[in-house]
Amino acid sequence: MINEYEEKTKHPAGGWPALILLILLLLAGIAGAIIGFVLSDDYPALVALSVVCIIVIIVTCIMFAGLCVIDPNEAIVLVFFGRYLYTVAQDGFYFVNPLAKKNKISLKARTLVNDKQKVNDERGNPVEIGVVVIWRIVNTASAMFKVENYHSYITTQADSAIRNVARQYPYDVDEGKEEMSLRGSSQEIARQLQTELQERVEIAGIEILEARISHLAYAPEIAAAMLQRQQAEAIVQARQKIVDGAVGMVEMALGKLSESNIVSLDDERKAQMVSNLLVVLCGNKDAQPIVNSGTIY
């Protein structure tokens, strides 16, 4: 079981007062060491002063390692001999434990562009899908100590999450159906992907700000066949609308002729007229009219 690490934030001592004090100590140590060595022949006791000043110089140089600068939207995680001390997340110039290891972490929002990968949709069709994930670190302790590498961790989890979400829905659905699909319900799919990915990376102290599909297409091996299918469906739908409109126009024409008493047609002539009108209205090419100069009977 992974150990629980609660993030502990702390506002350490300011860096400028510490820097001034360290510089004064360093100058005093150097001056004392020089005076002790110069006057050691006349005053042997000053040799001890020189040794003390050298120790002060060494310690002061070590203390300089405690000065650190934190940029906006950055933090440092301090680890002292294997023990987590605290996190400094406020930007500025500070003085911290000089012997502690300082791990700098960016708190800025970052973008993960997931490479296109081939997955099977709910119907088993291979599709290529890619996602863009906007994320940031909100718990520095979890990001540092609960996972080996949070960059590779979120990349792996994004691959797994998109595969799991994509296989639950078809690429596309027939017109008239209210079923969710990868192409027709991109916003809903993106929200589900964000929710599932957030659950997976919670352990690493990562917050998912946004997840959306950036690329979606049939795999190359079936793209041509699926294109023909889509074209066929479009042609059928177009023909259906043309026929519906033509039938309505024929019905309207017969109704107008009957209301105006322009001509009286028997059932056979009405059938012939309907046939001619449908040919004109539904044909792919312009009809060639034939002028009848005689009687219609």
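The values are calculated or read from the model by the stated rules, or taken from the named source; none is laboratory data. Every value quoted in this text rests on a predicted model; they were computed, and no experiment measured them. Heads up, the Cβs are rebuilt from the backbone with ideal geometry, glycines too, and the neighbour counts pull from every protein chain shown. All accessible areas refer to the heavy atoms of the entire protein, side chains included, with ligands and DNA or RNA removed. Shrake-Rupley method; radii C 1.70, N 1.55, O 1.52, S 1.80 Å.
In the range 187-200, the condition of being crowded, with 21+ Cβ neighbours inside 10 Å and farther than 21 Å from Arg136 by Cβ is met by at least one residue. For the range 141-194, enumerate the residues that are within 18 Å of the chain's Cα centre (by Cα) and among the acidic types (Asp, Glu). Correct list: Asp159, Glu188. Screening the candidates Arg110, Arg83, Arg136 for the property of being of a type outside the set (S, T, N, Q) and in contact (Cβ under 8 Å) with a residue 40 or more places away in the chain yields one hit, Arg136. Out of all the residues in the range 131-157, which are open to solvent by less than 40 Å² (accessible area, probe 1.4 Å), part of a strand (DSSP E or B) and closer than 23 Å to Lys8 by Cα? Trp135, Ile137, listed by residue number.
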